[in-house]
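Supplied in C-alpha cells, the structure appears directly below.
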Amino acid sequence: MQAENLKLVRDTISNILVDRGQPPEFNDTESLFDSGKLDSLAAVNLLMTLESEFGIDLSDPDFEITQIDTFAAIMDLLRENAMA
Amino acid sequence: MTAVDLQTRPESPARWFNPLALRQSWLSMDKNDRVVEWAQSKLGIAVLHGAFLLALATLPVIRAKHMALIAMTLVLAALLPGRRGMVLAGMGILFFLLRPFRSEFHYTNFGEIWPEIGVLGAMNAQAGLMACSLVFFGLVLLLIENHRRKAVSVLAERPILSLLIAGTALTALTVLVPRDHGLFTVAWILVAYLSSSFFFIGYILMAVRQKGRMDNTTLLGYVRPFWANTVVPIKGPGYLAKFEAKDAAALAVTRLKGLKLAVWAVILFWTGEIVFNQVVHSTLGLPHFEAHLKAVAVGGPASVALGWAVVAIYFLERVLVFGAVIHALVAVVRMAGFAIPRGMVKPLGSRTISEYWGKYLFYFKELLSDFFFFPTFQRCFKKHPRLRIAFATFMAAFVGNILFDVICDAPVFAIDGFAATIDNFYSYTVYAGGLTVGIIWSQLFQGKVRPEDGFLRYQVLPRVIVLGFFALLQIFDDSSGVIPLGDRFAFFASLFGVN
C-alpha cells in the first residue's frame with residue numbers, strides 16, 4: 001500500500017471527524033461507525049472517496065459496510081481490491 | 001497547592017455527603033481501578049447483578065416473564081463464565097421456542113388456527129408453537145448454510161430482497177386463500193414467524209460473511225436474543241462480537257456500564273411518570289395527546305396555546321419513555337458482556353434533523369441504514385452524488401420505514417383484511433414522508449452553524465427548528481389507525497389557528 005494512499009484515507013477520516021466536532025486522531029483498529037462515533041452520512045463521504053480514488057466497487061455483492069468500520073479494515077479492503 | 005498535593009491528599013469524609021461528588025464517583029466508577037477490581041470478585045459480581053435486576057424490576061416497561069428470563073440468563077452467564085456464549089445462545093433459542101411472535105394477538109390467532117392444521121392440530125397450541133419454532137429454526141439454518149456456500153446464488157447475493165419477496169408471496173396467500181384451506185394455515189404461520197424475526201435474520205446473514213466464523217448454534221441464538229422485547233434488533237451477532245468483553249476486567253467494566261445505564265433508565269422513567277403523569281396531567285389537568293386530538297376532531301375546544309402545550313408535553317414524554325426503554329435494553333446487553341453504544345444519546349441537543357434522527361433511536365436508524373440506505377447507495381445514481389444521497393435516504397427513511405411496520409404487521413392482513421390494514425398506514429406514510437423530506441433537506445441544504453455565529457443562532461435557533469419539526473411530525477407517527485388521518489390533519493391545522 002503506497003504511503004500517499006494511506007495518507008489520503010487517514011486525512012479523509014480525520015477531516016470527517018473534525019467536521020463532526022470530534023478530535024482528528026484515531027487509532028487503526030478503532031470502530032468509526034459501529035461505535036456511533038460517525039454517522040451514515042460520514043460513511044457516505046468516505047465511501048465516495050474510496051470509490052473515486054481507489055476504484056472500490058460498492059455494488060459488489062460481497063461488499064459489506066462493516067468493511068470500512070476501522071482504518072485497518074479499510075486498508076485490508078484496499079489491498080484486496082488492488083490484488084483483484 | 002500543587003498537582004502532587006491533589007493526588008496525595010486523603011479523601012475527605014465530607015465528600016460522601018456531597019451529592020455532586022457522589023454523582024461524579026458513580027459516573028466514573030467504571031474507570032476506578034478499585035471498583036473494577038471489586039466488580040470482578042464473587043461478591044462484586046453478586047452485588048452488581050442483584051442491584052441491576054432490582055433496578056430493572058422497578059421498570060414496568062419490562063414484563064414479568066421477560067424479566068424472569070433476563071434474570072435467569074444473566075445469573076447463569078455469571079455462574080458459568082467459561083460458557084457465557086453458550087448460555088446466551090441457549091437462552092435466546094429457548095426464548096424463541098417459547099415466544100416467537102411479535103404481538104399477543106398473534107398468539108391468540110395461532111391458537112385459533114393451529115387446530116385446523118390437520119393431524120398435528122391434535123397437539124396443544126403451546127406444543128404446536130414449539131414444534132413450529134423448531135421447523136422455523138431449520139429453515140433459518142438452511143438460509144445460513146446457503147449464505148456460507150452460495151448454493152442458491154440469488155438467495156445468497158440478495159438475501160433480504162429474497163426474504164421480502166417470499167414474505168410478500170406468503171402474505172398474499174393468506175389474503176387470497178380461503179381461511180379453511182390448509183395452505184392458509186401454513187402460510188399464516190410462516191408469515192407470523194418471518195415477520196417477527198425478519199431483521200434479526202437479516203443481521204444473522206450479515207454476520208455469516210464477516211471475519212471470524214461463528215457457529216450455527218450461536219447464530220440461532222440471535223433469531224430472538226434473550227434481551228429482545230421489541231422487533232428492532234440491536235444490530236446482530238457480528239456487530240456485538242466487536243464489543244464483547246475479552247477478559248474479566250473488561251467484563252467488569254461492561255457490567256458497571258450496564259448498571260449505570262439501568263439506573264439512568266429508572267431515573268428517566270420515574271421522572272417522566274411523576275412529572276408528566278402525576279403533576280402535568282393529573283394535578284394540572286393538561287389533557288393527554290390522543291384524548292385532546294380526538295376532542296379537537298369532534299369540535300371540542302381548540303385553543304392554540306393548549307394545543308401546543310399538549311404537543312410539547314407529549315413530545316417530551318415520548319423521548320423520556322423511549323429513552324428509558326432503550327436504555328434498559330442496552331443495559332441488559334451490556335450486563336451480558338457487550339459494551340455497545342447507547343441507543344439514545346442526548347437527542348434534545350441536536351442542531352440538525354439528521355443529527356436528531358441518529359441520536360434519538362440509534363439502532364432503528366442503523367437498521368434502516370444497513371438494510372435500505374447503504375444497499376441503495378451502493379447501486380443507484382453513482383454519477384450524481386446529491387441525488388444518490390437523496391434517493392438512498394428516501395429508500396431508508398420512507399420506503400424502509402414504512403416497510404418495517406408493514407412487515408411487522410404482515411400477519412394482520414389475513415385477520416383484519418387487506419384494505420383495513422392498509423388504512424392504518426395512511427398516517428404513518430405522512431410521517432415517513434415528512435421525515436424523509438426533513439432528513440434530505442438537513443443532509444443536503446441545512447447550513448452548518450458555528451459558535452462564532454452567536455448564542456441565538458448557534459445554541460437556540462437550530463434546536464428550536466429541530467425539536468419543533470419532530471414535535472409536529474409526531475402527530476402523524478402512528479400506524480394503529482385508531483385516530484384517522486383527517487383528524488390528525490385537523491389537529492395539526494388547529495395549532496396554527498386554522499379550524
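Using only the heavy atoms of the protein chains and a 1.4 Å probe, how would A:Leu17, B:Leu54, A:Leu8 rank by accessible area, largest first? Please list the in-between numbers first.
Values: A:Leu17 0, B:Leu54 125, A:Leu8 60 Å².
Accessible-area ranking of A:Leu17, B:Leu54, A:Leu8, largest first: B:Leu54, A:Leu8, A:Leu17.
Go ahead and estimate [θ] at 222 nm for chain B from helices alone: -39,500 (n - 2.57) per DSSP H run with n ≥ 4, summed, over the residue count, rounded to 500.
On the way: 26 runs with 323 residues, N = 499.
-20500 deg cm²/dmol, from helical runs alone.
Return the distance in nm (one decimal) between the two label points of a simple spin-label model at B:Ala241 and A:Ala3, each offset 7 Å from Cα along Cα→Cβ.
Roughly 3.6 nm, to one decimal.
If you don't mind, another one. From the Cα gyration tensor of the stretch B:363-493, with a ≥ b ≥ c the square roots of its eigenvalues, which class applies: rounded if a/c is under 1.5, or else prolate if a/b is larger than b/c, or else oblate? Intermediate results must be reported in sequence, preceding the final value.
Values: a/c = 2.82, a/b = 1.36, b/c = 2.08.
Oblate shape, in that a/c is at least 1.5 and b/c is the bigger or equal ratio.
Going Cα to Cα from B:Lys257, which lysines come in below 24 Å? Please leave out same-chain ones fewer than 8 positions away.
Of all the lysines, those that pass the test against B:Lys257 - Cα under 24 Å, at least 8 places apart if same chain - are A:Lys37, B:Lys31, B:Lys42, B:Lys235, B:Lys242, B:Lys246, B:Lys346, B:Lys359, B:Lys365.
Please compute the modelled spin-label separation between B:Phe381 and B:Glu157, points set 7 Å along Cα→Cβ, answer in nm with one decimal.
Going from the B:Glu157 label point to the B:Phe381 one covers 2.5 nm.
For B:Lys383, which aspartates and glutamates qualify as cross-link partners when the Cα separation must be under 12 Å and same-chain residues fewer than eight apart are set aside?
Here the aspartates and glutamates satisfying the reach criterion relative to B:Lys383 are A:Glu51.
Could I ask something else about it? With N denoting the number of residues in chain B, provide Rg(C-alpha) divided by 2.2 N^0.38 Å, to two decimal places. Kindly include the intermediate steps, with their values, before the conclusion.
Numbers: Rg = 24.8 Å, N = 499, 2.2 N^0.38 = 23.3 Å.
Normalised by 2.2 N^0.38 Å, the Cα Rg of chain B equals 1.07.
For B:Lys448, list the aspartates and glutamates whose Cα falls under 18 Å from its own Cα; do not include residues on the same chain fewer than 8 positions away.
Partners within reach: A:Asp19, A:Asp39, B:Glu355.
Now for a different question. Is the stretch B:203-315 best put as rounded, prolate or oblate by its Cα gyration tensor, with a ≥ b ≥ c the root eigenvalues, rounded for a/c under 1.5, and otherwise prolate when a/b is larger than b/c, oblate when not? Write down the numbers at each step before the final one.
Numbers: a/c = 4.45, a/b = 2.22, b/c = 2.00.
Note, shape of the stretch B:203-315 comes out prolate.
Can you list the residues, at least 5 places off or on another chain, whose amide H is less than 5 Å from the amide H of B:Arg158, using H built in the peptide plane?
Under 5 Å from the amide H of B:Arg158: no residue qualifies.
Would you work out what percent of the accessible area of the stretch B:359-499, with all protein chains in place, is carbon or sulfur (probe 1.4 Å)? Kindly include the intermediate steps, with their values, before the conclusion.
Values: 4190 of 6150 Å².
That fraction is 68 percent.
Still on this structure, I have one more. Considering only the other residues whose Cβ falls under 12 Å of the Cβ of B:Ser369, what net charge follows from Lys and Arg at +1 and Asp and Glu at -1?
Values: positive: B:Lys235, B:Lys365; negative: A:Asp34, A:Asp39, B:Glu366, B:Asp370.
In short, -2.
How high is the FRET efficiency from B:Leu176 to B:Leu141, r the C-beta distance, R0 30 Å, rounded to 0.05?
Working: r = 30 Å, r/R0 = 0.98.
E between B:Leu176 and B:Leu141, to the nearest 0.05, is 0.50.
Oh, and also: In nm², what is the average projected area of the convex hull enclosing the Cα atoms of the stretch A:3-83? Don't skip to the answer; put the middle values down first.
Working: hull surface 20.1 nm².
Averaging across all directions leaves 5.0 nm² for the Cα convex hull.
Which one, B:Phe492, B:Gln378, B:Val266, is farthest towards the positive end of the dipole of the stretch B:249-494 when Lys and Arg carry +1 and Asp and Glu -1 on their Cβ?
B:Gln378
Right, something else. Below 15 angstrom from the Cβ of B:Met86, what's the summed charge of the other residues (Lys, Arg +1; Asp, Glu -1)? Working shown, then result.
Values: positive: B:Arg83, B:Arg84; negative: B:Asp215, B:Glu244.
Within the 15 Å Cβ shell, the charges total 0.
Mind checking the mean number of beta-carbon atoms from other chains within 10 Å of the Cβ atoms in B:463-472?
What the average comes to for B:463-472 is 0.
Starting from the Cα-Cα distance between B:Gln126 and B:Met72, subtract it from 0.36 nm times their residue separation and give me the gain in nm to one decimal. Show your work: numbers first, answer last.
Numbers: separation 54, 0.36 × 54 = 19.44 nm, distance 2.13 nm.
This chain segment gains 17.3 nm when fully extended.
Can you give me the span-like helices of chain B, meaning DSSP H runs with 24 Å or more of Cα extent along the axis and Kyte-Doolittle mean at or above 1.6? Each step should come with its number before you reach the end.
On the way: long enough: B:125-149 (36 Å, 1.07); B:159-176 (25 Å, 2.03); B:182-208 (35 Å, 1.94); B:248-272 (36 Å, 1.34); B:304-335 (46 Å, 1.93); B:426-444 (27 Å, 0.75).
Passing helices, by number: B:159-176, B:182-208, B:304-335.
Which percent of Cα pairs goes in each bin when the distances of the stretch B:321-417 are cut into 5 angstrom slices starting at zero?
Binned Cα distances yield the sequence 2, 12, 16, 17, 18, 16, 11, 6, 2, 0.
From the P(r) of the protein assembly as shown, can you give the percent of Cα pairs sitting at distances over 38 Å?
On the way: 61818 of 169653 pairs.
For the protein assembly as shown, the fraction of Cα-Cα distances above 38 Å is 36 percent.
With a 10 Å radius around each residue's Cβ, average the other Cβ atoms per peptide and rank B:274-285, B:210-221, B:249-260, highest first. Don't jump to the answer; show the numbers that get you there.
Working: B:274-285: 12.6, B:210-221: 15.9, B:249-260: 21.9.
With the highest mean Cβ count within 10 Å placed first, the list reads B:249-260, B:210-221, B:274-285.
Related question: Note down the net charge around B:Val406, summing +1 for each Lys or Arg and -1 for each Asp or Glu among other residues with Cβ under 15 Å from its Cβ.
Numbers: positive: B:Arg102; negative: B:Asp405, B:Asp409, B:Asp416, B:Asp423, B:Asp478.
Charge balance in the 15 Å sphere: -4.
So, one more: Looking at the square roots a ≥ b ≥ c of the eigenvalues of the Cα gyration tensor of the stretch B:219-274, which shape do they give, rounded for a/c under 1.5, prolate if a/b is larger than b/c, or oblate?
Oblate.
Taking the Cα centre of each part, how many Å lie between the stretch B:224-278 and the stretch B:102-154?
If we compute the Cα centre of each part, the gap is 30 Å.
Count, for each residue of A:32-39, the Cβ atoms from other chains sitting within 10 Å of its Cβ, then give me the mean as a whole number. Please report the intermediate quantities before stating the final value.
Values: counts 0, 2, 9, 5, 11, 1, 1, 10.
Partner-chain Cβ atoms within 10 Å, mean over residues of A:32-39: 5.
While we're here: Can you work out the FRET efficiency for the pair B:Phe418 and B:Thr283, with r the C-beta to C-beta distance and R0 = 56 Å, to the nearest 0.05?
0.80
Sticking with this structure for a sec: Could you tell me the convex hull volume per residue, in Å³, taken over the Cα atoms of the stretch B:240-390? Can you show the working numbers first?
Values: hull volume 24.8 nm³, N = 151.
So the per-residue hull volume is 165 Å³.
Average partner chain C-beta neighbours within 10 Å, per residue of A:40-50?
On the way: counts 16, 12, 0, 4, 10, 2, 0, 3, 5, 0, 0.
The shielding value for this peptide is 5.
Provide the convex hull volume over Cα atoms per residue for the stretch B:82-242, in Å³. Display every interim value, and only then the final one.
Working: hull volume 18.8 nm³, N = 161.
Per residue, the Cα convex hull of the stretch B:82-242 comes to 116 Å³.
Angle, helix A:3-19 long axis vs. longest principal axis of chain A, Cα atoms, 0 to 90°, nearest 10?
Value to nearest ten degrees: 40.
The values are calculated or read from the model by the stated rules, or taken from the named source; none is laboratory data. Given the structure is predicted, the values throughout are model-derived calculations rather than measurements. Note that we place each Cβ from the backbone using ideal geometry, even for glycine, and neighbour counts take in every protein chain shown. Note: areas computed on protein heavy atoms with side chains; ligands, DNA, RNA excluded. Shrake-Rupley method; radii C 1.70, N 1.55, O 1.52, S 1.80 Å.
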